[in-house]
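Quick notes on the structure that follows.
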Amino acid sequence: MTIVDIGGGLRLHAQRIGPRGGRPVTATAVLVHGLLTDSLASYYFTVAPAFAASGIDVVMYDLRGHGRSTRPATGYTLDDSIDDLEALLDRLEVTGPVHLVGNSYGGTVAFGYAARHPERAAGVSLIESEPATAAWAGKLDGILGRVMHELAHNEADAIAWITANRGQNTARLAKGAARLARETTLAEDIPASRVLSEDEISSVRCPVLGVYGGDSDLAELAPWMESVLPDCRTVVVPGHEHSVLVEASGTVGGHILSLILGATVPVQLAGAEAR
Amino acid sequence: MSLNGQRIGTVDEEAVLADIRSMLATLLDEYGIDDVEIRMDTTFNRDLELESIDLVTLAGLLEEKYGSRVNFAEFLAGMDFEEIIELTVGRLVEHVVASLKAAEAG
């Protein structure tokens, strides 16, 4: 475990794993997780070991407020998240072009970093995710508004319903999300984020991969992504929704690995079945 | 092989369970919990209410203790979501014992 002090009282929890046994590193990948209930664990126990075994230097970290990173009360706009990522890579001395991978909000952060520093992005993989647009901000405003009103400020009823209908594990995750939403300005900051213009979006010229669950609303973004980005391929994984990364990690990881390794067909993930 | 109370050249399930109990005590202490009985059939998720990020910390503690002979991340990456939810202390103990034996066999 590494705790990286990025200044301003912020300490981010990072994990870095690479090929073992002196095998050479062929690429660096930076994996960014999603909002509220997520942490670097979503990668650590899914695709990260296989990426490392394939010769990739894998950097994962917890976003501010999440996992084992510190939780300041404020500073949760998209630009703050990109600033944090910049500072983290700086401190870790990751200087060369990297493959950015992001799940949900993490993908919006990853894409934002690539738009800010095109020369530092070798590739971007967006899992159930999209670049920051006005439509994205509007959607997040709706989702986070519901989190505040139906969960954070009505926790007892909400948790009772979730426990009965979705089980203990989801209820525990929801409690954590409610706490984060109440203790910070996240729910108001994210929808107020500066978004990208279409020109800024299409300025990301590196290869971009979009992976979507077939039953997710986000799957309909696939044609737009391919039309607006110069080098974009999208994959829809049938039978999955927003949690496609953890539910179908073998398939999702294989597509990402093929982008990173420059292969033309999905690479089979070592030790992970396509599930 | 660790020299801390274990016989060199053998892998002892009881000793591994004791190691893992002590790691879990460290983790649970952060939540102010110090009175949970940890048995082979204790589940990480339902009984100990550990979240996946806690398991990342546990992976670090396992690595500190056993080095590269035990890879908890790879062990979990080979499971589906339901299996992880149902994961027991006993299953981890068995995995550690098997990994240490494999390393011993060279």
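The values are calculated or read from the model by the stated rules, or taken from the named source; none is laboratory data. As the structure is a computational prediction, the values presented were derived from the model and not from experiment. Cβ placement follows ideal geometry from the backbone for every residue including glycine, while neighbour counts extend to all protein chains displayed. Side chains included, ligands, DNA and RNA excluded: accessible areas come from the protein's heavy atoms. Shrake-Rupley method; radii C 1.70, N 1.55, O 1.52, S 1.80 Å.
Check whether at least one residue in segment B:48-59 is among the charged types (D, E, K, R), open to solvent by 40 Å² or more (accessible area, probe 1.4 Å) and more than 23 Å from A:ALA48 (Cα to Cα), and report yes or no. Among the residues of segment B:48-59, at least one is among the charged types (D, E, K, R), open to solvent by 40 Å² or more (accessible area, probe 1.4 Å) and more than 23 Å from A:ALA48 (Cα to Cα), which makes the answer yes. Of all the criteria given as (1) within 14 Å of another protein chain (Cβ to nearest Cβ); (2) closer than 21 Å to A:ALA73 by Cβ; (3) open to solvent by 10 Å² or more (accessible area, probe 1.4 Å), the one not satisfied by A:ASN169 is (2).
Here A:THR185 passes the criteria (1) open to solvent by less than 10 Å² (accessible area, probe 1.4 Å); (2) farther than 27 Å from A:SER258 by Cβ; (3) among the β-branched types (Val, Ile, Thr) except the one numbered (1). Inside segment A:65-87, can you point out the residues that are surrounded by 18 or more Cβ atoms within 10 Å (Cβ to Cβ) and within 14 Å of chain B (Cβ to nearest Cβ)? Residues satisfying the conditions are A:GLY65, A:HIS66, A:GLY67, A:ARG68, A:SER69. Does A:VAL58 count as open to solvent by less than 40 Å² (accessible area, probe 1.4 Å) and away from chain B (no Cβ under 14 Å)? Answer is no for this residue. Can you confirm whether B:PHE44 is aromatic (Phe, Trp, Tyr) and open to solvent by 20 Å² or more (accessible area, probe 1.4 Å)? No: the conditions fail for B:PHE44.
Would you pick out the residues in segment B:19-56 that are within 21 Å of A:HIS66 (Cβ to Cβ) and either within 8 Å of chain A (Cβ to nearest Cβ) or in contact with a His (Cβ under 8 Å, 6 or more places away or on another chain) (or both)? Result: B:ASN45, B:GLU49, B:GLU51, B:SER52, B:ILE53, B:LEU55, B:VAL56.
Taking segment B:1-94 and the helices (runs of 4 or more DSSP H) fully enclosed by it, the elements with 2 or more residues that are of a type in the set (Asp, Glu) and modelled with pLDDT of 90 or more are at B:13-29, B:52-66.
Once segment A:8-40 is narrowed to residues that are farther than 17 Å from A:PRO97 by Cα and of a type in the set (Ser, Thr, Tyr), the residue that is least open to solvent (accessible area, probe 1.4 Å) is A:SER39. Checking the structure you have, find out if any residue of segment A:32-51 is in contact (Cβ under 8 Å) with a residue 40 or more places away in the chain, more than 14 Å from chain B (Cβ to nearest Cβ) and of a type in the set (Gly, Ala, Ser). There is no residue in segment A:32-51 that is in contact (Cβ under 8 Å) with a residue 40 or more places away in the chain, more than 14 Å from chain B (Cβ to nearest Cβ) and of a type in the set (Gly, Ala, Ser). Scanning segment A:189-209 for residues that are part of a helix (DSSP H, G or I) and in contact with a helix residue (DSSP H, G or I) (Cβ under 8 Å, 6 or more places away or on another chain) turns up A:ASP189, A:GLU198, A:GLU200, A:ILE201, A:SER202. The set of residues in segment B:57-75 that are within 11 Å of chain A (Cβ to nearest Cβ), more than 22 Å from A:ILE3 (Cβ to Cβ) and among the hydrophobic types (A, V, I, L, M, F, W, C) contains only B:PHE75. Given the criterion buried (at least 17 other Cβ atoms within 10 Å of the Cβ) and either acidic (Asp, Glu) or away from chain B (no Cβ under 14 Å) (or both), identify the matching residue among A:GLY106, A:GLY142, A:GLY138. Result: A:GLY106 is the single residue among A:GLY106, A:GLY142, A:GLY138 that is buried (at least 17 other Cβ atoms within 10 Å of the Cβ) and either acidic (Asp, Glu) or away from chain B (no Cβ under 14 Å) (or both).
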